[in-house]
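**Q** Pasting a structure below so you can have a look.
The values are calculated or read from the model by the stated rules, or taken from the named source; none is laboratory data. Predicted model only: the values in this text are computed from it and were never measured. Cβ placement follows ideal geometry from the backbone for every residue including glycine, while neighbour counts extend to all protein chains displayed.
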Amino acid sequence: MAAKTITVDAETYDLLAGEKRDNESLGEVVKRRLRSGKTAADLAYDLKDVCLAEDTLDHLENVVRERGGSVANSPALNTED
């Protein structure tokens, strides 16, 4: 793949470096941040920062229990709050 050189100021470099993941190049950071959609890998990475309320976790536990191990047995979603 051909490479191009760009010049960025120190503040921009620091911002990019702050977004860098393990073993990720700065070019990969730019592509990840500029592409229009999120990937499953992005979601998996971001999930480590998710904090769910205890009642939400309890509800999810109940949904899994009601499924009985089968996605086909999923309970109907309650959209009323």
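**Q** Select from segment 25-54 the residues that are assigned to a helix (DSSP H, G or I) and either hydroxyl-bearing (Ser, Thr, Tyr) or touching a Phe, Trp or Tyr at 6+ places or on another chain (Cβ under 6 Å) (or both) and list them in ascending order.
**A** Matches in segment 25-54: Tyr45 only.
**Q** Restricting the first residue to segment 10-28 and requiring it to be of a type in the set (Lys, Arg), which pairs with a second residue that is assigned to a helix (DSSP H, G or I) and surrounded by 11 or more Cβ atoms within 10 Å (Cβ to Cβ) meet a Cβ separation below 8 Å and a spacing of at least six or different chains?
**A** As it stands, the answer is Lys20/Leu26; Lys20/Val29; Arg21/Val29; Arg21/Tyr45, since those pairs meet every condition given.
**Q** Pick out the one residue from Asp81, Asp46 that is exposed (fewer than 11 other Cβ atoms within 10 Å of the Cβ), modelled with pLDDT of 80 or more and acidic (Asp, Glu). Before you say what the answer is, go through the steps one by one.
**A** Numbers: Asp81 fails: modelled with pLDDT of 80 or more.
Just one listed residue meets the conditions, Asp46.
**Q** Let me ask another. Quick check, is Glu61 in a helix (DSSP H, G or I), exposed (fewer than 10 other Cβ atoms within 10 Å of the Cβ) and not hydrophobic (A, V, I, L, M, F, W, C)?
**A** So Glu61 fails the test.
**Q** Within segment 1-24, restricting attention to residues that are of a type in the set (D, E, K, R) and not in a loop (DSSP other than H, G, I, E, B), which residue is surrounded by the fewest Cβ atoms within 10 Å (Cβ to Cβ)?
**A** Ranking the candidates gives Glu11 first.
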